[in-house]
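One structure below.
The values are calculated or read from the model by the stated rules, or taken from the named source; none is laboratory data. Predicted, not measured: the structure shown is a model, and the values here were computed from it. Reconstructed Cβ throughout: ideal geometry from the backbone, glycine too, with neighbour counts over all protein chains shown. All accessible areas refer to the heavy atoms of the entire protein, side chains included, with ligands and DNA or RNA removed. Shrake-Rupley method; radii C 1.70, N 1.55, O 1.52, S 1.80 Å.
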Amino acid sequence: MRSIWVIPLLALIICSGCAQYKSNQVSPEPEEIKNYDVQTSRTPNLLDGSEGSVRAPHPLSLADLRAKYKSTFLLNGSPTKREVALTFDDAPDDRFTPQILDVLKKEDVKATFFVIGNRVEAHPEIIKRMADEGHVVGNHSYNHANLPKLSNADFRNQVTKTDGLVRSITGYKPMLIRPPYGNISEIQIQWLASQHKKIIFWNVDSLDWKGLNAEQVKTNILSHVHQGSIVLQHAAGGTGEDLSGTVHALPDIIKKLRSDGIKLVTIPELLDLREGQ
């Protein structure tokens, strides 16, 4: 009788062992997985985030662009030269621009005007007057576009079309350009550099486009100006903008700077540039 029960019992033990061996080979026990998770959670995190989040490309700021393209992107002259450049944007119009030209002529001051192409088309006689009276004419786009929003082709057309209009009147293609709103992208700077142009910003802002009165415009300029400054004003504006503050402040600004021994010059004179004529 014992022999009858021994064989089935041995078979049961063997099969049970095989099943246990197979189970151990296929997957670990749940406790082992849990212990692995706990171990990895103890690894210190990266202080400033993952590689991907930090190394993702970001556009350079205007300050970064000025530093990177310092021979092309300019906002002041040498602080050792007792010179200041007066610059005027958005010209020409038939209201404020002639008044500003009248003041400059009376005071015998040469300035730099950054002009808009479609306004050059509307008032070519004023551009001719600028050139005849010794002012420098720079490019301020064809229709005051926000340049970084444009395609490469449209951006280049804004520049070249305005260049052609200025050249047809003055006899030279502008070397100087000032982007509307002070906005420009790196790829646009690179193209302008390839065309041997200089991007002219400023380090004294009159804020005259806000409709300030003459006293406010004078304060904004004279409280910040120093040797080598490039001063931003406007000789025309958008619909409804009043620039009479600039017109009325200009004679006093000129007199004050001269009394301080400052010579008023054009941008090419301030920066020792050839005018590209």
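Determine whether Q158 is surrounded by fewer than 14 Cβ atoms within 10 Å (Cβ to Cβ), at pLDDT 95 or above, within 27 Å of the chain's Cα centre (by Cα) and of a type outside the set (A, V, I, L, M). Talk me through it step by step, then tell me what you get.
On the way: surrounded by fewer than 14 Cβ atoms within 10 Å (Cβ to Cβ): no; at pLDDT 95 or above: yes; within 27 Å of the chain's Cα centre (by Cα): yes; of a type outside the set (A, V, I, L, M): yes.
So Q158 fails the test.
Mind counting the residues in the stretch 171-198 that are buried (at least 21 other Cβ atoms within 10 Å of the Cβ) and either more than 16 Å from the chain's Cα centre (by Cα) or not in a helix (DSSP H, G or I) (or both)?
Residues in the stretch 171-198 being buried (at least 21 other Cβ atoms within 10 Å of the Cβ) and either more than 16 Å from the chain's Cα centre (by Cα) or not in a helix (DSSP H, G or I) (or both): 9 in total.
If you check V204, V225, which single one turns out to be open to solvent by less than 10 Å² (accessible area, probe 1.4 Å), at pLDDT 95 or above and touching a strand residue (DSSP E or B) at 6+ places or on another chain (Cβ under 6 Å)?
Going through V204, V225 in turn, just one is open to solvent by less than 10 Å² (accessible area, probe 1.4 Å), at pLDDT 95 or above and touching a strand residue (DSSP E or B) at 6+ places or on another chain (Cβ under 6 Å): V204.
Can you name the residue in the stretch 231-243 that is buried (at least 22 other Cβ atoms within 10 Å of the Cβ) and either polar (S, T, N, Q) or touching a Leu at 6+ places or on another chain (Cβ under 6 Å) (or both) and, of all such residues, is nearest to F73 (Cα to Cα)?
This residue is V231.
If we keep just the residues of the stretch 256-277 that are touching an Asp or Glu at 6+ places or on another chain (Cβ under 8 Å) and open to solvent by 40 Å² or more (accessible area, probe 1.4 Å), which is nearest to D89 (Cα to Cα)?
Top of the filtered list is E269.
Would you call T246 farther than 20 Å from P79 by Cβ and not in a helix (DSSP H, G or I)?
no
Under 8 Å between Cβ atoms, which residue pairs at least 6 apart in sequence (or on different chains) link something in the stretch 119-138 that is without any contact (Cβ under 8 Å) to a residue 12 or more places away in the chain with a partner that is assigned to a helix (DSSP H, G or I)?
Qualifying pairs under 8 Å: none.
What pairs come out if I take residues in the stretch 105-116 that are open to solvent by 10 Å² or more (accessible area, probe 1.4 Å) and pair them with residues that are of a type in the set (V, I, T) and not in a loop (DSSP other than H, G, I, E, B) whose C-beta lies under 6 Å away, six or more apart or interchain?
Listed pairs, sorted by first residue: E107/I254.
Scan the stretch 247-270 and tell me whether some residue there is at pLDDT 95 or above, closer than 23 Å to E133 by Cα, within 26 Å of the chain's Cα centre (by Cα) and acidic (D, E). Outline the logic, then answer.
Pass one, the stretch 247-270, residues at pLDDT 95 or above: 247-270.
Filter again for closer than 23 Å to E133 by Cα, leaving 247-258, 262-270.
Still in the running and within 26 Å of the chain's Cα centre (by Cα): 265-270.
Next cut, acidic (D, E) only: 269.
Yes, the conditions are met somewhere in the stretch 247-270.
Tally time: how many residues in the stretch 123-161 are assigned to a helix (DSSP H, G or I) and farther than 16 Å from D93 by Cα?
Narrowing the stretch 123-161 to residues assigned to a helix (DSSP H, G or I): 124-132, 147-149, 152-161.
Imposing the further condition that a residue be farther than 16 Å from D93 by Cα reduces the set to 132, 147-149, 152-161.
Summing the residues that are assigned to a helix (DSSP H, G or I) and farther than 16 Å from D93 by Cα in the stretch 123-161 gives 14.
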